[in-house]
Amino acid sequence: MTHISDYNEFISKGVYDMACRVGGLAVNKIDKTQINNLLEIFKGDPEEATNVLMLYIARQSARNEIPRNVAQQLVSDIYQIFNSFKNNKTELEEAIRKYLVLFKWVFESGISDQNQDFHKFINNFIGRGRVR
């Protein structure tokens with residue numbers, strides 16, 4: 001697991017790539033309510049909310065509500081974001097919230113490709129296929 005060193009770079013680029021990867025992995029594998037629940041659970045103190053969120057995802061995976069591979073990627077991403085921004089609660093909250101919202105939007109797009117970054121996602125959407 002790598003450490004995200006620059007908040008501005010992550011929030012303007014890295015979070016899009018991360019969300020496109022896990023969102024593409026989740027398409028047609030999770031009920032939409034599960035994703036909405038993730039956003040609902042992430043409330044209050046960002047550190048505490050992040051811990052609760054990761055535990056909730058693990059629980060939902062054990063209950064077969066979220067496939068294990070999707071849950072593992074979500075928790076891995078969230079844990080990476082947490083470790084990178086835990087010293088600044090504002091940045092932590094903004095980064096996790098943006099990740100979850102973008103994940104939801106990619107999931108709802110129906111574009112299923114677990115190996116996509118943001119540019120590949122956009123090209124898949126407009127029908128150009130693989131780029132880069």
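Values in this text are rule-based calculations from the coordinates and carry no lab data. Everything numeric in this text was worked out from a predicted model, so none of it was measured. Cβ coordinates were reconstructed from backbone atoms using ideal geometry, including for glycine residues, and neighbour counts include every protein chain displayed.
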Which count do you get for residues in segment 67-95 that are part of a loop (DSSP other than H, G, I, E, B) and either within 15 Å of Phe42 (Cβ to Cβ) or acidic (Asp, Glu) (or both)?
1
Pairs, first touching a residue at least 60 places away in the same chain (Cβ under 8 Å) and closer than 14 Å to Ile11 by Cα in segment 66-95, second among the aromatic types (Phe, Trp, Tyr) and part of a helix (DSSP H, G or I), C-beta under 7 Å, six or more apart
Ile81/Tyr99; Phe85/Tyr7; Glu91/Tyr7; Glu91/Phe85; Ala95/Phe10; Ala95/Phe85
Among residues belonging to segment 43-59 that are touching a helix residue (DSSP H, G or I) at 6+ places or on another chain (Cβ under 8 Å) and charged (D, E, K, R), point out the one that is surrounded by the most Cβ atoms within 10 Å (Cβ to Cβ).
Glu47
Given the residues Tyr99, Tyr16, which is the only one that is hydroxyl-bearing (Ser, Thr, Tyr), closer than 27 Å to Ile126 by Cβ, surrounded by 21 or more Cβ atoms within 10 Å (Cβ to Cβ) and out of contact with any Cys (no Cβ under 6 Å at 6 or more places or on another chain)?
Tyr99
Can you tell me which residue within segment 36-56, out of those that are among the hydrophobic types (A, V, I, L, M, F, W, C), in contact with a Phe, Trp or Tyr (Cβ under 6 Å, 6 or more places away or on another chain) and touching a residue at least 24 places away in the same chain (Cβ under 8 Å), is farthest from Gln114 (Cα to Cα)?
Ala49
Within segment 19-42, of all residues that are out of contact with any Ser or Thr (no Cβ under 8 Å at 6 or more places or on another chain) and assigned to a loop (DSSP other than H, G, I, E, B), the one surrounded by the fewest Cβ atoms within 10 Å (Cβ to Cβ) is Asp31
